Structures are given as structure tokens and as C-alpha cells.
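Peer 1: Dumping the structure here so I can ask a few things about it.
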Amino acid sequence: MMLKNAPASLIGDAAQKFAANRLAVISLLFLLAVLALCLLAPWLTAHDPAKIDLRGLNKGPSAEHWLGTDKGGRDIVSRLLFGGRTTLWISLCVSAIIAGTGTVVGVLAGYFGGSADSLLMRITDVILSFPFLIFIIVVKSIYPGGGIPSLIWTVGLLGWGGFARIIRAKTLAEKENEYMLAASALGAGTLRILTRHLLPGLLSVFITNLMWTAAAMIGVEASLSFLGFGVPIGQPSWGNMLADALSPEVIREQWWVWLPAGLLITGVILSINFIGEGVKEAFKVQEGRL
């Protein structure tokens with residue numbers, strides 16, 4: 001019988017189950033390949049993704065520019081790689097803020113209950129009551145010079161409400177389990193109960209929702225940049241590349257300008273979701289054996 005205070009064994013068994021999920025593994029390999037290409041961008045392309053070239057405007061794919069150039073004469077492949085670094089970095093940072101804040105609020109509310117639960121959940125309700133994208137657009141309109149750090153903190157501090165509710169619900173379920181009650185009866189301190197018993201039980205929910213949050217944040221960045229309220233226009237990102245598709249002429253005649261970015265956004269979001277589903281199923285099987 002597997003013990004809840006043996007997270008290493010739980011993770012090991014879940015990893016084996018995950019490896020048997022072919023779709024999740026393929027998605028993981030695809031995501032790792034995209035990450036590797038983006039991280040190695042300075043060594044994979046000699047073109048400056050932000051440099052304007054008036055002699056090379058709107059060129060189609062060629063030996064020099066594999067996916068052509070945009071309205072500024074900038075190489076599309078270079079912008080895809082460097083733009084991926086921007087988009088994925090924003091997604092990672094925002095997801096970390098959302099997951100960290102949501103986990104702390106959810107665990108404290110669910111474990112301690114009472115007035116702490118009421119206070120934290122009312123704050124969560126206030127956060128969830130904001131119209132997410134509209135409020136971000138308003139903030140970015142008031143403070144347009146904040147750049148990427150402003151975007152990350154605004155989205156992160158407005159997006160943790162749903163994460164906190166999920167963690168709270170799982171905490172309420174976990175703290176009623178026999179191993180938690182036994183630890184408390186044996187005199188274990190609060191910190192030990194949280195770190196050795198409760199948090200391992202939250203691991204599957206945390207990882208799964210972290211993956212889904214990361215996928216959602218890629219879509220948020222693309223949406224905000226497409227509307228002109230995300231990454232500054234001069235800096236490459238997948239969302240800024242999609243913004244070039246506002247012109248019907250570009251959509252009809254210059255597919256290389258917007259289609260590669262759209263396919264990458266779709267592929268990465270789908271792969272992250274498939275990985276999240278694989279993690280969820282792997283941990284569900286292991287938890288079912290407890």
C-alpha cells in the first residue's frame with residue numbers, strides 16, 4: 001500500500017504511467033523541441049528580429065528567408081524564434097505568480113477554515129468579479145509605458161482566483177483523510193502536516209492546473225498583443241505577429257506572415273493541454289491505489 005507521505009514513490013509511479021500515454025509523450029517532445037529552438041534562437045538565425053529592412057518588405061519564402069519577411073522586411077523565422085522566447089517567458093512568469101498566489105490562498109483557506117476561509121474567499125470573489133481582459137486593457141491604457149513587466153504582474157495578480165478555489169477544494173478533501181487526522185492526533189506541527197502530508201496530496205491538482213494556466217496565458221498574451229495592449233509593438237512575440245493579420249490583404253496573399261505564428265500558438269497550447277491531461281490521468285491512477 002502506497003503512503004501519502006511518500007511523494008517520491010508517487011511521482012515515480014505516475015511518471016511510468018505518463019510515459020505509457022503516447023499522446024502526452026509526443027506533446028512533451030514537441031513542447032521541448034519548441035523551447036529548445038526558442039532558447040537557441042541567437043545561434044540558429046543571423047537575422048535581427050526587430051531590424052527594419054526597407055529593401056525586403058513583404059517578400060515570400062526564399063533561400064535567404066525561409067518563411068519570407070513581413071511589412072517591415074523582418075525575417076519571419078527569426079521573429080518566430082525570438083517571439084517564442086517572449087511569449088513563453090510571459091506565460092511562465094504569469095503562471096508562476098498565479099500558481100504561487102492561488103496555492104497559498106487556497107491552502108490557508110481550506111486548511112484553517114473559519115474566519116480565515118471566509119476572508120480569503122471574499123477576496124477571491126472580488127478578484128473573480130473583475131472582467132479579466134477588459135480590466136487588463138484599462139490598466140495598460142492608463143499605464144502604457146510599463147512594458148512586459150507591467151503586463152506580467154497585471155495578468156498574474158488578476159488571474160489567481162480560479163486557481164485558489166481549486167486548491168481550496170482539494171485541501172478541504174485532503175484534510176479529512178485518515179492520514180491527516182492521524183498526524184494531527186500524534187501531535188505533528190502545522191508546518192510538518194502541510195509540507196509532509198498535505199502538499200504531496202495536492203501535487204497532481206497543482207501540476208495539472210499549472211499546465212492549463214500556462215496554456216491559457218499563451219492565449220491571453222496573443223489576444224492582448226493582437227489588440228495592441230500586450231507586448232510593445234517593436235518587440236517580437238507570437239501575438240504581435242498575429243496582429244499583422246488585421247489586414248485582409250495579408251490574410252489572403254501573405255500567409256507566411258501570420259500562419260506560422262498561429263500554428264505555433266495552437267500547437268503549443270494543445271501540447272500543454274495534452275501534457276496536463278496525461279499528468280492528471282497518471283496521478284489519478286496512482287491515487288486510486290492509496
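Peer 1: Do we have L88 as closer than 28 Å to G276 by Cβ, buried (at least 21 other Cβ atoms within 10 Å of the Cβ) and touching a helix residue (DSSP H, G or I) at 6+ places or on another chain (Cβ under 7 Å) here? So that I can check it myself, show each step before the final result.
Peer 2: Working: closer than 28 Å to G276 by Cβ: yes; buried (at least 21 other Cβ atoms within 10 Å of the Cβ): yes; touching a helix residue (DSSP H, G or I) at 6+ places or on another chain (Cβ under 7 Å): yes.
For L88, the condition - closer than 28 Å to G276 by Cβ, buried (at least 21 other Cβ atoms within 10 Å of the Cβ) and touching a helix residue (DSSP H, G or I) at 6+ places or on another chain (Cβ under 7 Å) - is met.
Peer 1: So, one more: Name, by its number, the condition in (1) within 23 Å of the chain's Cα centre (by Cα); (2) among the aliphatic types (A, V, I, L, M); (3) open to solvent by less than 70 Å² (accessible area, probe 1.4 Å); (4) over 24 Å from F226 (Cα atoms) that does not hold for V126.
Peer 2: All conditions pass for V126, except number (3).
Peer 1: Would you call K59 in a loop (DSSP other than H, G, I, E, B), closer than 17 Å to G239 by Cβ and over 23 Å from the mean Cα position of the chain (by Cα)? If you could, list the steps in order and put the result at the bottom.
Peer 2: On the way: in a loop (DSSP other than H, G, I, E, B): yes; closer than 17 Å to G239 by Cβ: no; over 23 Å from the mean Cα position of the chain (by Cα): yes.
Here the answer is no, as K59 does not meet what is asked.
Peer 1: Next up: Can you find a residue in the range 99-110 that is open to solvent by 60 Å² or more (accessible area, probe 1.4 Å) and modelled with pLDDT of 90 or more?
Peer 2: Of all residues in the range 99-110, those open to solvent by 60 Å² or more (accessible area, probe 1.4 Å) come to 104, 108.
In the following step, the residues that additionally are modelled with pLDDT of 90 or more were identified as 104, 108.
Taking every residue of the range 99-110 in turn, at least one turns out to be open to solvent by 60 Å² or more (accessible area, probe 1.4 Å) and modelled with pLDDT of 90 or more.
Peer 1: Of the residues that make up the range 100-111, is at least one closer than 16 Å to A261 by Cβ, of a type in the set (A, V, I, L, M, F, W, C) and free of Cβ contacts under 8 Å to residues at least 40 places away in the same chain? Walk me through how you get there before you give the answer.
Peer 2: Here is the first cut: in the range 100-111, the ones closer than 16 Å to A261 by Cβ are none.
No, the range 100-111 contains no residue that is closer than 16 Å to A261 by Cβ, of a type in the set (A, V, I, L, M, F, W, C) and free of Cβ contacts under 8 Å to residues at least 40 places away in the same chain.
Peer 1: Hey, which of the helices (runs of 4 or more DSSP H) in the range 182-280, taking only ones fully inside, have at least 1 residues that are of a type in the set (D, E, K, R)? Outline the logic, then answer.
Peer 2: Numbers: elements: 199-227, 238-243, 248-253.
The helices (runs of 4 or more DSSP H) meeting that bar are 199-227, 248-253.
Peer 1: Only one of (1) free of Cβ contacts under 8 Å to residues at least 60 places away in the same chain; (2) open to solvent by 40 Å² or more (accessible area, probe 1.4 Å); (3) of a type outside the set (K, R) is not met by M180, so which one is it?
Peer 2: (2)
Peer 1: So, of the residues in the range 29-47 that are aliphatic (A, V, I, L, M) and more than 25 Å from G73 (Cα to Cα), which turns out to be most open to solvent (accessible area, probe 1.4 Å)? So that I can check it myself, show each step before the final result.
Peer 2: The first filter runs over the range 29-47 and keeps only residues aliphatic (A, V, I, L, M), leaving 29, 31-37, 39-41, 44, 46.
Filter once more, keeping what is more than 25 Å from G73 (Cα to Cα): 29, 31-33, 35-36.
Working: L29: 109, L31: 22, L32: 90, A33: 48, L35: 64, A36: 46 Å².
Selected residue: L29.
Peer 1: What residue, of K170, K175, K140, is surrounded by 15 or more Cβ atoms within 10 Å (Cβ to Cβ) and either within 17 Å of the chain's Cα centre (by Cα) or modelled with pLDDT of 90 or more (or both)? Can you show your working first?
Peer 2: On the way: K175 fails: either within 17 Å of the chain's Cα centre (by Cα) or modelled with pLDDT of 90 or more (or both); K140 fails: either within 17 Å of the chain's Cα centre (by Cα) or modelled with pLDDT of 90 or more (or both).
Unique residue meeting the criteria: K170.
The values are calculated or read from the model by the stated rules, or taken from the named source; none is laboratory data. Small disclaimer: the values here were computed from a predicted structure and weren't measured. All Cβ positions, glycine included, derive from the backbone under ideal geometry; neighbour counts span all protein chains shown. Heads up: the accessible areas ignore ligands, DNA and RNA and are worked out on the full protein's heavy atoms, side chains in. Shrake-Rupley method; radii C 1.70, N 1.55, O 1.52, S 1.80 Å.
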